[in-house]
Amino acid sequence: MRWVCPVGGEGRTVTTMHSPRGLPALVLLLVIAACDVMSTETPGNLVPPTADQDPLLPQLRVSVAGRERALHLQSFGDPQSPTALVLPGGPGGDHRLMLPLQALAERYHVVIWSPRGTGLSERVTRDEHTLASFVEEIAAVRTAFAPDQTVTLIGHSHGAGLFLRYAVAHPDAVEQLVLIEPGPLTREGRRHYRGGAVGWGDGQDFFWQNEFLSSQDHAAADYKAVSLLPLSFRSFTCSGEPEYEYPMWRFGAFHYHVVAHGRHAARGAFDWTEGVEGIEADLLVVAGTCGAASAGFQEEYNLPALPGARLVAVPGAGHISLFTTHAEETLAVLRAHLAAYR
Amino acid sequence: MIRSKKGSHAIRLAPFLLLLLCSHPAQAQSSDAVSLAPAPHGIFVQVGLEPHLVMSLGYTRGISPEGSRPSVGVGAGVKFSPYLLGQGAGRVNLIAAGQWMPHSRWGATATSELYLARGRNRAGTVHGFGLEVRAAPGYYGERWGAAADLGWQGTLLSHFQHSGAARETFDERYPGGAVGGEGPVDGWYGSTAHRFRIGLVGTRSLADGLALQVAAGSRFVVQRQGVLLGFAHGQVPVYLETSLRIAR
């Protein structure tokens with residue numbers, strides 16, 4: 001097809017142009033190709049399947065918030081030993097980072113899991129993300145493994161906060177409580193906390209991905225964390241550089257959104273330490289000396305709100321490296337404190 | 001239609017001026033609110049926030065016969081984020097645009113863009129082929145214009161090549177010797193991105209052949225699983241764009 005395209009005014013020149021004949025064919029090719037391709041929603045294409053999608057995963061089904069859900073859960077050691085429950089950080093993180101704590105299986109029956117909506121645990125609805133439901137979830141796991149015993153709780157970051165609330169709600173169920181670099185537990189702490197922040201430069205690629213991958217389902221949203229999380233951990237390192245040594249399976253993006261920023265986020269006057277004076281269990285706070293949640297932050301903002309708590313620092317460790325490069329030092333601190341080692 | 005001060009010469013070129021401003025690249029580009037350029041050929045430069053910083057460059061040329069309605073033009077352009085140039089991220093667009101003015105000073109411009117977008121990060125490398133359409137019904141005056149900014153973008157076909165870091169997320173899932181599914185899967189994926197746009201665009205003539213456009217509004221994704229994510233997951237609901245069009 002030829003078009004006449006006038007260019008000038010007086011004494012104009014006529015220029016012929018050919019329309020792009022290949023364009024319709026290219027569009028048709030794209031449409032045809034789009035009909036026989038993979039989907040981001042198919043379990044395992046972008047991110048590992050969750051426990052409800054993959055029966056081979058070690059798991060526990062619990063009834064929480066009126067629904068039965070599958071938790072990705074692993075246990076180590078003798079079931080006859082005292083039980084230690086372990087929760088990871090987040091919100092949204094899975095428990096792969098916590099696996100070095102399986103070494104405590106020498107004295108404990110160690111139970112480690114990813115909360116509902118995180119890691120490889122089943123994804124749940126928005127209304128199932130209440131703080132009360134996660135306390136209920138902890139109770140369900142305890143019932144499954146130690147219904148008639150007190151338990152030792154070891155929580156990291158956000159997981160530490162969840163265990164704190166469980167201990168407030170069930171003080172008779174807890175023998176010892178270990179909080180490993182808990183996030184800000186008070187309103188004042190939240191004002192000064194800078195952990196996990198993503199800088200302007202680091203966020204550029206995260207948003208550029210919307211050109212070819214929009215967060216339209218759980219898998220696509222969770223997949224984006226593979227590239228973003230190490231950058232968000234700059235604030236937790238000694239050097240300020242990204243933390244690429246971060247073992248993970250799958251991040252719970254929707255869980256993070258709802259719990260950290262959405263309807264069920266802790267905000268305003270909410271205080272994780274409310275009622276903590278009713279806790280009778282021995283309380284230990286473990287922290288590294290680097291990063292936003294280090295021993296300095298704990299001493300200034302969290303310890304004053306935790307009466308009777310002791311603080312032990314792991315020199316040179318950050319929020320993530322407490323379980324990677326400094327895992328042995330962290331385990332040494334725990335062994336020195338936990339009752340089963342005395 | 002255009003009210004040119006250059007006499008009959010400019011009036012005859014009016015449809016092609018509209019074609020020029022109809023032809024704009026990439027999703028971040030504002031629609032062509034006002035046909036102000038005095039010539040059918042031109043380039044455009046755009047800077048925007050989505051919320052990441054993006055820039056676009058492009059060229060368009062009218063192809064419709066003189067005086068035809070609607071008028072049509074074609075062009076090409078590139079879009080990129082300055083922070084990500086080193087990663088080889090960017091987007092190339094083939095542009096087709098048109099304008100329809102059923103009434104004096106009221107009408108609509110529309111563009112469609114076939115694009116190839118590329119991204120590369122710790123998770124892997126992705127190439128996406130897609131289509132973006134955009135329409136701007138509104139007022140098109142001599143010195144200024146204002147229109148709605150409506151659009152849809154869909155990446156219909158993407159190729160994923162996952163990195164070692166992404167593959168490591170599938171390791172150590174089955175303690176005790178169990179063997180499960182492997183992943184992630186390299187290859188072609190369909191319908192990996194969809195976004196809608198709704199906003200406003202305004203244009204102001206700065207000089208002959210030079211126009212400034214500003215667009216702002218909201219962009220959102222329709223989730224398949226009823227998951228509505230916000231800022232924390234790359235779905236900032238607002239955009240802001242500034243374009244400079246130079247016609248010759």
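Each value in this text was obtained by applying a stated rule to the coordinates, not by laboratory testing. Since the model is a prediction, treat every value here as computed from it, not as a measurement. Here Cβ is always computed from backbone atoms with ideal geometry, including for glycine, and neighbour counts include all displayed protein chains.
Between A:GLU280 and A:THR42, what length comes free when the chain is fully extended (0.36 nm per residue of separation minus the Cα-Cα distance, one decimal in nm)? Could you put the intermediate results ahead of the total?
Values: separation 238, 0.36 × 238 = 85.68 nm, distance 4.74 nm.
Answer, rounded to one decimal: 80.9 nm.
Using only the alpha carbons of the stretch A:45-201, determine the length spanned along each of the three principal axes and report them from longest to shortest in whole angstroms.
Each principal axis gives a Cα extent; for the stretch A:45-201 these are 50, 39, 32 Å.
About the Cα centre of the stretch A:188-342, what is the dipole size in debye to 20, counting +1 per Lys and Arg Cβ and -1 per Asp and Glu Cβ, all else neutral? It would help to have the intermediate numbers written out before the result.
Working: 11 positive and 18 negative charges, 25 e Å.
The calculated dipole for the stretch A:188-342 is roughly 120 debye.
What FRET efficiency would be calculated for the residue pair B:VAL78, B:GLU172, taking the C-beta separation as r and a Förster radius of 45 Å, to the nearest 0.05?
On the way: r = 42 Å, r/R0 = 0.93.
Working from the Cβ atoms, E equals 0.60.
What spacing in nm lies between the two simple spin-label points modelled at B:ASP186 and B:LEU85, each 7 Å away from Cα in the Cβ direction?
For the pair B:ASP186/B:LEU85, the computed spacing is 3.0 nm.
How much of the DSSP beta bridge set in chain A is antiparallel, as a percent to the nearest 5? Display every interim value, and only then the final one.
Working: 15 of 39 bridges.
Antiparallel bridges make up about 40 percent of those DSSP assigns within chain A.
Under the 0.36 nm per residue contour assumption, what length would be gained going from the current alpha-carbon distance of A:LEU311 and A:LEU56 to full extension? Mind dumping the intermediate values first?
Numbers: separation 255, 0.36 × 255 = 91.80 nm, distance 3.97 nm.
Result: 87.8 nm gained on full extension.
Quick one: angle between helix A:327-337 and the longest Cα principal axis of chain A, in degrees between 0 and 90, rounded to 10, please.
Helix A:327-337 sits roughly 30 degrees off the main axis of chain A.
Looking at the calculated P(r) for chain A, what percent of the C-alpha pair distances fall above 34 Å? Intermediate results must be reported in sequence, preceding the final value.
Details: 17584 of 58311 pairs.
Summing the P(r) tail past 34 Å for chain A gives 30 percent.
Angle between the Cα long axis of helix A:158-169 and the longest principal axis of chain A, 0 to 90 degrees, nearest 10?
Once rounded, one gets 40 degrees.
Starting with the fewest neighbours, write out A:SER133, A:SER239 ranked by other beta-carbon atoms found within 10 Å of each beta-carbon. Intermediate results must be reported in sequence, preceding the final value.
On the way: A:SER133 20, A:SER239 10.
Ordered from fewest to most neighbouring Cβ atoms within 10 Å, A:SER133, A:SER239 come out as A:SER239, A:SER133.
What is the angle, in °, between the Cα long axis of helix A:131-145 and the longest principal axis of the Cα atoms in chain A? Nearest 10 is fine, range 0 to 90.
Orientation of helix A:131-145: about 60 degrees from the principal axis.
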